[in-house]
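What follows is calculated from the coordinates using simple rules that are stated; it is not laboratory data. Computed from a predicted model, the values in this text were never measured in an experiment. Backbone-built Cβ (ideal geometry, glycine too); neighbour counts: all protein chains shown.
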Amino acid sequence: MAAKLKKDDKVVVLTGKDKGKEGTILSVDPKAGKAVVDGINIAIRHVKQSQNDQGGRQPKAMPIQLSNLALLDSNGKATRVGFKMDGDKKVRYAKTTGDVI
């Protein structure tokens, strides 16, 4: 199945502690159905000091379920993603505006 959400998409969180926050997708794991979004679902991780890094308690963005994310359309509102054929190419489009993503 084609991916509805991809890297560098602007998304909004629908549920959970970060509900309503917006960010861009840094990475997607389609097998697990999760994505890492910049500034969303932050957890504190204890990092050991290394030659290049100071170490200590550092914030890290943790994966969030794809079903809890919605793509932002050109108007800045949450939208669902559909697929349609544009000539001989399959493209994603925003269901609210009909714009090709």
Across the stretch 1-59, the tally of residues that are in contact with a Phe, Trp or Tyr (Cβ under 9 Å, 6 or more places away or on another chain) and surrounded by fewer than 12 Cβ atoms within 10 Å (Cβ to Cβ) stands at 1
Return yes when Lys89 is free of Cβ contacts under 8 Å to residues at least 12 places away in the same chain and out of contact with any Cys (no Cβ under 8 Å at 6 or more places or on another chain) and no when it is not.
-> yes
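Yes/no per residue for (1) more than 14 Å from Asn68 (Cα to Cα); (2) touching a residue at least 24 places away in the same chain (Cβ under 8 Å); (3) in contact with a Ser or Thr (Cβ under 8 Å, 6 or more places away or on another chain):
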| position | (1), (2), (3) |
| --- | --- |
| Lys4 | no, yes, no |
| Lys7 | yes, no, yes |
| Val11 | no, yes, yes |
| Gly16 | no, yes, no |
| Lys21 | no, no, no |
| Val28 | no, yes, no |
| Gly33 | no, yes, yes |
| Val37 | no, yes, yes |
| Ile40 | no, yes, no |
